[in-house]
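Undergrad: Handing you a structure now.
Bear in mind these aren't lab numbers, they're just calculated from the coordinates by the rules spelled out. Remember, it's a predicted structure, so these values are computed and weren't measured experimentally. Cβ: placed from backbone, ideal geometry, glycine included. Neighbour counts: every protein chain shown.
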DNA sequence: GCCGTCTCTTGATCTGGATCAACGTATATC
DNA sequence: GATATACGTTGATCCAGATCAAGAGACGGC
């Protein structure tokens, strides 16, 4: 049996227009399509017709959470999907004895909370201070009828997520500890690049325990792998949460099974 | 490093209306909505408006494959999605050194082949003789504009698949060998029940190597787990491919971590 | 500045499942 | 019915990564 660390949590804000709204983007940031966030082309609604965007912005709701806040729990009524505006969110499932599997990390521009049969299959928790755009699922369904582009966008997002899952299942089912850590770092780096952030140095908002519970290892093994890579000159670790990738190609070779 | 068994394959039929069509359902079986298959309520197109169904049946194409036939390979142009009419399909990713991860099994009524950016992220191979309904993705996209119900149905299918992935990631990341095998058997049983087949006895169309490569174990460990369960009176194994679940609740307890 | 708490790292030891090695068992061929 | 070829089971041994244990930083509270 594998150990897995579970941490505490609390608090369940409501979307009522008065609690926790982040309000409009700060002046310094570029305005998003609907004027409610600064995601630019990363926004779910980017590129939609003006009419569609205004419909979305009428049902949308912007919220802020603090680290360890729970956005929703496994088994809760699945009422909304979320788009991350800022910060980082983790999503996990628990076993009765406390073993935990983090099934995903979500950053600026990522969406999560798609669910079937009305209940969430996992718990979502803020890692850092987080701003999210919340879209009520039911009203989204109604909008989808008049604006099929919304549903198509959802299909695209879900397809991308499915592809990620295939990769992650390969990682968990068949990769060694070194390969898992290398893959994890490269995946974060690649996602940073795609969202317009520098792919290195990488900042890890999650702790070693979160990484371990995501890639099916223990804290100790994750830590050791990082140290190996550092000693081998593949990484610099100015601090535990800062990773500079020195030799991306070598790390890629390891991640793909040639290390 | 984990061993994983790769088997051979070959053959790539084309959808040209003359090759491999299964033709209409046999007289004994209930006709499906579009008249091209006998999936009944399991069919993707079940419940659609007559107009939508006839549009679908014009772009649809029915195909048959033999065991070990490859439907498509990782990296191929992703031109179509597939719905299984009969038989079983496995979907997998390979690592350069031959390690293999089976990311899913698909049975009667299941759909697979959703892909992004035009290339499949995995290889699909027939386990048994297989009949599939093939829907060209591009034309599906065109249809979706006039019939949003198609896209909604796709969202439903993908949401269900995402939920399955969350469960499978938990299995691979945090469950013991016993728990994995118990979970696997119960999942197959549950899927059989949902599609209207008896949940027990269960017939396993895939071999032990396929099971192992799906749940991140070796053939030997899968075999041992089956033997343990048999000795403990949880299962009957009249033959390697036949599993009667004697004590579903006890097996469930094991699967959930209480065994 | 000092203390408590938490996270990360490093070392020593243990173990679940992988690996290695036969040996059954079933279907196919001739 | 003998032989070949998979596939599945069982046993013995090994090892990658878990577990156990102890420091080393980092950081907030007062």
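Undergrad: In terms of the Cα gyration tensor, with a ≥ b ≥ c the square roots of its eigenvalues, is region A:147-194 rounded because a/c is under 1.5, prolate because a/b exceeds b/c, or oblate? The partial results should precede the final answer.
TA: Numbers: a/c = 7.28, a/b = 2.10, b/c = 3.46.
Since a/c reaches 1.5 but b/c is at least a/b, the shape of region A:147-194 is classed as oblate.
Undergrad: A further question on this structure: Which whole-number percentage describes the relative contact order of region A:176-258, with Cα contacts under 8 Å and a sequence gap of 6 or more?
TA: Relative contact order comes out at 39 percent.
Undergrad: Order B:198-211, A:97-110 from most to least packed using the mean count of other Cβ atoms within 10 Å.
TA: Highest mean packing first, the order is A:97-110, B:198-211.
Undergrad: State, to one decimal in nm, how far the label point of residue A:41 lies from the label point of residue A:177, with both points 7 Å from Cα in the Cβ direction.
TA: Placing both labels 7 Å beyond Cα along the Cβ direction yields 4.1 nm.
Undergrad: Could I ask something else about it? Could you rank the peptides B:183-194, A:165-176, B:240-251 by their average count of other C-beta atoms within 10 Å per residue, with the highest value first? If you can, show how the numbers build up before the last one.
TA: Values: B:183-194: 18.3, A:165-176: 22.6, B:240-251: 15.4.
Listed from highest to lowest mean packing, they are A:165-176, B:183-194, B:240-251.
Undergrad: Checking the a/c ratio against 1.5 first, then a/b against b/c, what shape does the Cα gyration tensor give for region A:176-258?
TA: Cα axes put region A:176-258 in the rounded bin.
Undergrad: Counting only other chains, what is the mean number of Cβ atoms within 10 angstrom of the Cβ of each residue in peptide A:95-102?
TA: Averaged over the peptide's residues, the number is 5.
Undergrad: Continuing with the same structure: Quote the relative contact order of region B:40-164 in percent (integer), defining contacts as alpha-carbon pairs under 8 Å separated by 6+ residues. Don't skip to the answer; put the middle values down first.
TA: On the way: 226 pairs, mean separation 42.9, N = 125.
Normalised by residue count, the contact order of region B:40-164 is 34 percent.
Undergrad: Arranged from highest to lowest average of other beta-carbon atoms within 10 Å per residue, in what order do the peptides A:134-142, B:125-133 appear?
TA: So the order, starting with the most tightly packed, is B:125-133, A:134-142.
Undergrad: Need one number: % antiparallel among DSSP beta bridges in the protein assembly as shown, to the nearest 5. Display every interim value, and only then the final one.
TA: Values: 62 of 64 bridges.
Of the beta bridges lying entirely in the protein assembly as shown, close to 95 percent run antiparallel.
Undergrad: Just tell me how shielded B:169-182 is by partners: mean number of partner chain Cβ atoms within 10 Å of each residue's Cβ, no decimals.
TA: 6
Undergrad: Mind checking A:107-115 for the average number of partner chain beta-carbons within 10 Å of each residue's beta-carbon?
TA: 1
Undergrad: Right, another one. At residue A:239, with labels set 7 Å past Cα in the Cβ direction, how many nm apart are the copies from this one, shortest first?
TA: 6.4
Undergrad: Can you tell me the relative contact order of chain A? Whole percent, Cα pairs under 8 Å, sequence separation 6 or more.
TA: That works out to 18 percent.
Undergrad: Let me ask something additional. Compute the acute angle (0 to 90°) between the alpha-carbon long axis of helix B:50-59 and the principal axis of greatest extent of the alpha-carbon atoms of chain B; round to the nearest 10°.
TA: In chain B, helix B:50-59 runs at an angle near 80 degrees to the longest axis.
Undergrad: Something else about it: From the label point of residue A:164, set 7 Å along Cα to the beta carbon, how far off in nm is each other copy's matching point, shortest first?
TA: The projected label point of residue A:164 is separated from its counterparts by 2.0 nm.
Undergrad: Could you pull the copy-to-copy label distances for residue A:149, with points set 7 Å along Cα to Cβ, in nm to one decimal and sorted shortest first?
TA: Sorted ascending, the copy-to-copy spacings read 2.5 nm.
Undergrad: For a paramagnetic label modelled at 7 Å from the Cα of residue B:74 toward its Cβ, which residues of region B:86-113 fall within the zone defined by backbone nitrogen distances under 15 Å?
TA: The answer is B:90-104.
Undergrad: Compute the FRET efficiency between residue A:223 and residue B:220 as 1/(1 + (r/R0)^6), taking r as their Cβ-Cβ distance and R0 = 35 Å, and round to the nearest 0.05. Can you show the working numbers first?
TA: Working: r = 31 Å, r/R0 = 0.90.
It comes to 0.65.
Undergrad: Tell me what chain A gives for mean residue ellipticity at 222 nm when only DSSP H runs of n ≥ 4 count, each as -39,500 (n - 2.57), the sum divided by the residue total, rounded to 500 deg cm²/dmol. Spell out each step's value before the answer.
TA: Details: 7 runs with 92 residues, N = 259.
Calculated mean residue ellipticity at 222 nm is -11500 deg cm²/dmol.
Undergrad: What do you get for the angle between helix B:148-174 and the principal long axis of chain B? Use alpha-carbon atoms, 0 to 90 degrees, nearest ten.
TA: Roughly 20 degrees between the two axes.
Undergrad: Still on this structure: Take the alpha carbon gyration tensor of region B:40-164, find the square roots of its eigenvalues, order them as a ≥ b ≥ c, and report rounded if a/c is under 1.5; if not, report prolate when a/b exceeds b/c, else oblate.
TA: prolate
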